[in-house]
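What follows is one structure encoded as structure tokens, with my remarks underneath.
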């Protein structure tokens, strides 16, 4: 099956927006997770509201809000790429926060007590004892969430961002061959995510072997 140039360009757009959104989402998610684990209510409360809001609203609303509402509120006009990245990274950040928080709280309480007995601060215990153990437990849900983010990039087509689905719509409007066009797009998504999934399984096995 030959891939048209427009669809190859769309694949680049999909990978580009997915990767930057994952990186930013991880940063947002880690910050939110630490805030939710804080003993201070003034940190926990806003982080909880942020996470619950994004977990209980449709992703496409976030795309439209950043693209159409943000310019009205602060006068900042975003191009489709910037609006899509903001929507994806904040939404994925909320979900990553739960992945990170769940991994950290799954570590046995005795590990915290042992670190405290050794005179470690909470921050040192997190960095040297808790997080290394939690990382292995985070791999599977983190990969799953990243796959969901990659599939959600298709919503960027609603802002006319040139990712896979948008390019497919352009090709279909010219060729009027929806079966071939959208089947090709489905196969491309499958190859992309299946390859990433295989690499993730290899990394997970190596982490398990490392103990």
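The table below lists the values:
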item	result
Segments 68-76, 111-119, 133-141, 162-170 sorted - mean Cβ within 10 Å per residue, highest first	162-170, 133-141, 111-119, 68-76
Net length gained if the chain between residue 15 and residue 144 were fully extended (0.36 nm per residue, minus Cα distance)	44.8 nm
Which of 146, 106 has the fewest Cβ neighbours within 10 Å, and the rest in rising order	106, 146
Most to least packed among 183-196, 12-25 [average Cβ atoms within 10 Å]	12-25, 183-196
Global form of region 5-209, assessed from the alpha-carbon gyration tensor, a/c cut-off 1.5	oblate
FRET efficiency estimate (nearest 0.05) - Cβ-Cβ, residue 197 to residue 172, R0 30 angstrom	0.60
Mean-position separation - Cα centroids, region 51-126 and region 148-197, in angstrom	27
Mean Cβ neighbour count within 10 Å, used as a protection proxy, ranking 42-55, 92-105 highest first	92-105, 42-55
Helix 131-152 axis, angle to the chain major axis (alpha carbon atoms, nearest 10°)	20
Ranking of 151, 41 by count of other Cβ atoms within 10 Å, fewest first	41, 151
Three-way shape label, region 117-206, alpha-carbon gyration tensor, a/c 1.5	prolate
Length-normalised contact order of region 64-176 in % [C-alpha pairs under 8 Å, at least 6 apart]	28
Length added when fully stretched, residue 42-residue 64, from 0.36 nm per residue minus Cα-Cα	5.0 nm
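FYI, it's all coordinate maths here, none of it is from the lab. Owing to the predicted nature of the structure, the values given are computational and were not obtained by experimental measurement. Cβ atoms come from the backbone with ideal geometry, glycine included; neighbour counts cover every protein chain shown.
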